[in-house]
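Colleague: Below you will find the structure I want to go over with you.
The values are calculated or read from the model by the stated rules, or taken from the named source; none is laboratory data. The structure displayed is predicted, hence computed values, not measured ones. Neighbour counts are summed over all protein chains in view; Cβ atoms, including those assigned to glycine, are modelled from backbone coordinates with ideal geometry.
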Amino acid sequence: MGKAKTILYFIAFCSAFTPSRSCDDHAAHDHSKRAVPSVHLTPPTRDLEWGDINVIHTTDTHGWLLGHQEPSLPEPNYSGDFGDLASFVTHMKQIALQRDVDLLLVDSGDLHDGTGLSDGFPPGGVDGHESNQFLAKLPYDVMAIGNHELEVYANTLDMHTDFAPQLKGRYLTSNVNITVADEKGNAVSVPVGNRFAKFRTRKGRRVTALGVLFSFTGNVKNTTVQKVADMVKETWFLEAVREEPDFFLLVGHMPVQRDDWPLVFDAIRAIHATTPILILGGHSHIRDCVQLDDRSMALESGRFMETVGWMSMKLPPHKKDAIKFSRRYLDPNRVTYEFHTRHVTRHLDTPFGERITKGLLVLAKRFDLGFTFGIAPHDFTISRSPFPSEDSLLSLFIEKAIPVALAVNNTRASIPSFFIANAESQRFDIYAGPFTKDDQFTASPFVDRFLFVPGVPASAVSKILPAMNGEGDLRRRSAEEFDRREKELYASGNIDARFKRWLEAMDKRSGEERRAHGNLTLGYVTADSCLGVGDDTPHAPMPFFSAPEFIGSNVPNGTVDTLVDVVFLDFIQNTVLGALNSVQQDRNFSASDVQLYSNLTANQVLGVYAQLTWN
């Protein structure tokens with residue numbers, strides 16, 4: 001590959017895991033100041049509806065504590081950082097005091113895996129440990145565990161030994177245990193946090209809170225996730241909900257629709273028919289709301305700090321009279337925060353919030369998240385651009401980045417090759433401008449290895465991808481098979497199908513009409529099951545283009561007998577082998593035929609490509 005490419009490869013590999021000072025001294029993108037949105041932000045349309053009990057809700061933050069700082073829409077909508085949120089909460093607490101009402105702050109899990117703040121730790125660190133300290137500083141009343149807290153044992157242990165104690169009994173893991181050694185060295189299974197909490201609000205209202213995770217099957221060894229259906233039969237659960245509180249607060253990493261919240265709800269309703277129940281869910285990354293009866297509300301507040309949820313409950317003069325609920329989905333930016341706190345302050349920033357922002361910037365600098373691999377020539381998006389196209393991140397990854405990056409220092413680079421990946425391997429869009437170490441984490445966070453099967457005839461190679469995607473007569477999948485596969489993926493933690501269906505429905509419902517309106521910026525346009533308009537700020541929905549489940553590079557040129565290396569991510573090995581054996585009968589390929597293709601992992605590919613082509 002030559003000395004120049006070898007050096008570039010070393011720089012990319014080194015900067016992906018350690019601060020750039022330990023590599024060569026290269027220019028870095030300035031991360032010392034927070035970016036100011038370069039576009040006009042639309043303010044909210046109306047004040048929030050306050051009740052007697054009010055809730056500010058976050059979920060699926062995934063490390064996005066510095067907000068979204070890119071200038072391309074809709075990113076400026078979400079440009080507020082966690083320091084801004086801290087200031088907002090402080091002012092909202094003051095408003096609650098003036099109104100003499102209760103205001104709670106809750107989170108529904110998934111603090112890990114998403115940005116360099118959570119994932120960019122140096123060797124020897126623990127994912128999310130540093131970034132989680134900032135969440136622990138906010139006055140959360142209840143937090144629940146997410147599935148991303150259970151995919152690496154060291155992360156779960158850190159939540160158990162470091163994070164949960166900081167919440168002082170309010171980090172709830174009702175159906176999630178970790179196996180640890182007791183004082184005598186014996187292995188014992190204990191809750192990661194606490195199974196439930198009982199406390200009083202500032203106004204003295206009695207609360208019984210639970211923290212429930214969906215029936216997740218992808219948890220790491222030495223952690224246990226009990227099925228929700230079994231949890232509600234446990235003695236501790238029945239004892240915890242037996243005494244009637246003023247309201248139940250169910251916080252959990254589980255979508256508010258098409259999942260098991262009704263099991264928890266019905267178990268409580270069997271004992272307390274009219275007690276108010278507030279449900280704050282998560283996991284599917286969407287904005288959603290549903291009322292399971294007229295004395296409850298269930299709210300889900302998006303992902304990646306793109307939404308801050310609001311719920312209020314106004315209690316009637318008489319206990320059995322109707323309860324008035326409201327919900328709102330806030331765009332987390334300074335314009336939103338200033339609009340809703342203008343009754344108590346003209347200036348959003350508080351000393352507490354400024355300390356949070358400063359601390360996050362110091363952490364970003366310590367992790368060297370501003371290290372610049374190259375300059376992206378334009379935006380590359382996952383679902384807002386057709387696949388394949390020049391603007392598609394999926395096309396960039398599979399057709400350009402992988403072939404270029406994996407050819408570096410690879411003895412098999414001269415052999416014809418065909419690359420396959422799952423579309424979900426790319427998690428977030430890339431925007432024009434500096435492509436930094438932090439952008440590499442957000443766009444392609446997974447550490448999958450590249451494997452290959454050598455010696456596959458080109459005639460079979462061209463049929464593999466259609467077979468994997470169920471096209472034509474090669475491998476027709478029934479609706480039942482698709483449903484079964486989606487359920488398996490969902491149980492293992494994959495919510496990509498649900499999230500994309502939500503985006504697609506949003507675009508089909510009002511996309512072209514609202515985008516043609518002209519004065520609406522791009523953003524989320526929510527249709528949920530609760531009364532009234534939920535979005536705090538009006539937007540036009542993003543365009544949506546579907547993509548296949550599996551994507552592939554161009555089939556190499558040659559004759560039908562040309563032998564090709566079929567290269568794929570280890571995550572999809574079984575699917576690739578199954579498809580390969582279905583499209584040819586000359587040979588039965590098995591795991592024994594699979595070899596390691598490159599020392600690069602999936603999350604390093606874009607960085608190497610950017611250094612080779614975007615400078």
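Colleague: Just a yes or no: is a residue in the range 274-292 buried (at least 19 other Cβ atoms within 10 Å of the Cβ), among the acidic types (Asp, Glu) and not in a loop (DSSP other than H, G, I, E, B)?
Modeller: Yes, that holds for at least one residue.
Conditions (1) over 22 Å from Pro76 (Cβ atoms); (2) part of a strand (DSSP E or B); (3) free of Cβ contacts under 8 Å to residues at least 24 places away in the same chain, marked per residue:
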| position | (1), (2), (3) |
| --- | --- |
| Arg327 | yes, yes, no |
| Thr345 | yes, no, no |
| Glu354 | no, no, no |
| Gly359 | yes, no, no |
| Val362 | yes, no, yes |
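Colleague: Going through the range 345-395 one residue at a time, which ones are basic (Lys, Arg) and over 30 Å from Arg501 (Cα atoms)?
Modeller: If the condition is that a residue be basic (Lys, Arg) and over 30 Å from Arg501 (Cα atoms), then Arg346, Arg355, Lys358, Lys365, Arg366 are the ones that fit.
Colleague: Taking interchain pairs and intrachain pairs at least six residues apart, which have beta carbon atoms under 9 angstrom, with the first residue in the range 535-561 and under 29 Å from Ser459 (Cβ atoms) and the second part of a loop (DSSP other than H, G, I, E, B) and among the acidic types (Asp, Glu)?
Modeller: Listed pairs, sorted by first residue: Pro548/Glu471.
Colleague: Could you say which residue among Leu150, Leu117 is over 21 Å from Ala209 (Cα atoms), crowded, with 24+ Cβ neighbours inside 10 Å, touching a strand residue (DSSP E or B) at 6+ places or on another chain (Cβ under 6 Å) and of a type in the set (A, V, I, L, M)? Give the steps one after another, and end with the answer.
Modeller: Numbers: Leu117 fails: touching a strand residue (DSSP E or B) at 6+ places or on another chain (Cβ under 6 Å).
One residue alone meets the criteria, Leu150.
Colleague: Filtering the range 406-441 down to residues that are among the aliphatic types (A, V, I, L, M) and within 25 Å of Ala364 (Cβ to Cβ), which residue is surrounded by the fewest Cβ atoms within 10 Å (Cβ to Cβ)?
Modeller: Among residues in the range 406-441 that are among the aliphatic types (A, V, I, L, M) and within 25 Å of Ala364 (Cβ to Cβ), the one surrounded by the fewest Cβ atoms within 10 Å (Cβ to Cβ) is Ala432.
Colleague: Collect the residues in the range 576-615 that are within 24 Å of Asn469 (Cβ to Cβ), among the hydrophobic types (A, V, I, L, M, F, W, C) and assigned to a loop (DSSP other than H, G, I, E, B), keeping them in residue-number order.
Modeller: If the condition is that a residue be within 24 Å of Asn469 (Cβ to Cβ), among the hydrophobic types (A, V, I, L, M, F, W, C) and assigned to a loop (DSSP other than H, G, I, E, B), then Val583, Phe589, Val594 are the ones that fit.
Colleague: Right, another one. Tell me which strands (runs of 3 or more DSSP E) are completely within the range 136-229 and hold 3 or more residues being touching a Gly at 6+ places or on another chain (Cβ under 9 Å) and closer than 19 Å to Thr59 by Cβ, or say none if there are none.
Modeller: The strands (runs of 3 or more DSSP E) meeting that bar are 142-144, 206-213.
Colleague: For the structure I just gave you, tell me whether Val220 is crowded, with 19+ Cβ neighbours inside 10 Å, in contact (Cβ under 8 Å) with a residue 40 or more places away in the chain and assigned by TED's automatic domain parsing to the domain that holds Thr156.
Modeller: So Val220 does not fit the description; no.
Colleague: Taking only pairs six or more apart or across chains, which ones have beta-carbon atoms under 6 Å, a first residue in the range 582-602 that is without any contact (Cβ under 8 Å) to a residue 12 or more places away in the chain, and a second residue that is surrounded by 12 or more Cβ atoms within 10 Å (Cβ to Cβ)?
Modeller: Correct list of pairs: Asn588/Asn581.
Colleague: Any idea which residue in the range 442-454 is surrounded by the most Cβ atoms within 10 Å (Cβ to Cβ), counting only those that are under 28 Å from Gly63 (Cβ atoms) and of a type in the set (Phe, Trp, Tyr)?
Modeller: Phe450
Colleague: Here is a follow-up. For the range 138-189, what are the residues that are farther than 15 Å from Val106 by Cα and in contact (Cβ under 8 Å) with a residue 60 or more places away in the chain?
Modeller: Asn147, His148, Leu150, Glu151, Val152, Tyr153, Thr156, Ser174
Colleague: Would you point out which residue out of Val264, Val256 is surrounded by 22 or more Cβ atoms within 10 Å (Cβ to Cβ), without any contact (Cβ under 8 Å) to a residue 60 or more places away in the chain, in contact with a helix residue (DSSP H, G or I) (Cβ under 7 Å, 6 or more places away or on another chain) and outside any strand (DSSP E or B)?
Modeller: None of the others qualify; the one that does is Val264.
Colleague: Can you tell me which of Asp496, Asp535, Asp483 is modelled with pLDDT of 95 or more and either under 24 Å from Pro255 (Cα atoms) or in contact with a Lys or Arg (Cβ under 7 Å, 6 or more places away or on another chain) (or both)?
Modeller: Every option except Asp535 fails the conditions.
Colleague: Is the range 486-493 home to any residue that is of a type outside the set (Val, Ile, Thr), more than 23 Å from the chain's Cα centre (by Cα) and either within 24 Å of Leu396 (Cα to Cα) or not assigned by TED's automatic domain parsing to the domain that holds Arg287 (or both)?
Modeller: Quick first cut of the range 486-493, residues of a type outside the set (Val, Ile, Thr) only: 486-493.
Pick out the ones that are also more than 23 Å from the chain's Cα centre (by Cα) and you get none.
Within the range 486-493, none of the residues are of a type outside the set (Val, Ile, Thr), more than 23 Å from the chain's Cα centre (by Cα) and either within 24 Å of Leu396 (Cα to Cα) or not assigned by TED's automatic domain parsing to the domain that holds Arg287 (or both).
Colleague: Need pairs with beta-carbon distance below 8 Å; first residue surrounded by fewer than 24 Cβ atoms within 10 Å (Cβ to Cβ) and within the range 296-309, second modelled with pLDDT of 95 or more and part of a strand (DSSP E or B); sequence gap 6+ or separate chains.
Modeller: These pairs meet every condition: Ser296/Ile277; Ser296/Leu278; Ser296/Ile279.
Colleague: Check Gly120, Gly125 and return the single one that is in the same structural domain as Lys314 (by TED's automatic domain parsing) and out of contact with any Phe, Trp or Tyr (no Cβ under 8 Å at 6 or more places or on another chain).
Modeller: Answer to the selection: Gly125.
Colleague: Look through Ile402, Ile415 and report the one residue that is closer than 20 Å to Leu563 by Cα, part of a helix (DSSP H, G or I) and of a type in the set (Val, Ile, Thr).
Modeller: Ile402
Colleague: Kindly establish whether Leu315 is more than 27 Å from the chain's Cα centre (by Cα), of a type in the set (A, V, I, L, M) and surrounded by fewer than 24 Cβ atoms within 10 Å (Cβ to Cβ).
Modeller: Working: more than 27 Å from the chain's Cα centre (by Cα): yes; of a type in the set (A, V, I, L, M): yes; surrounded by fewer than 24 Cβ atoms within 10 Å (Cβ to Cβ): yes.
In short, yes.
Colleague: Checking the condition within 26 Å of Asp349 (Cβ to Cβ), modelled with pLDDT of 95 or more and surrounded by 24 or more Cβ atoms within 10 Å (Cβ to Cβ), which residue from Met92, Met143 passes?
Modeller: Within the list Met92, Met143, the selection yields Met143.
Colleague: A further question follows. Among the candidates Thr45, Thr58, which residue alone is in the same structural domain as Phe304 (by TED's automatic domain parsing), modelled with pLDDT under 95 and β-branched (Val, Ile, Thr)? Before the answer, list the steps.
Modeller: Working: Thr58 fails: modelled with pLDDT under 95.
Going through Thr45, Thr58 in turn, just one is in the same structural domain as Phe304 (by TED's automatic domain parsing), modelled with pLDDT under 95 and β-branched (Val, Ile, Thr): Thr45.
Colleague: Restrict the check to the range 518-534 and report whether at least one residue is within 19 Å of Asp260 (Cα to Cα) and out of contact with any strand residue (DSSP E or B) (no Cβ under 7 Å at 6 or more places or on another chain).
Modeller: No, the range 518-534 contains no residue that is within 19 Å of Asp260 (Cα to Cα) and out of contact with any strand residue (DSSP E or B) (no Cβ under 7 Å at 6 or more places or on another chain).
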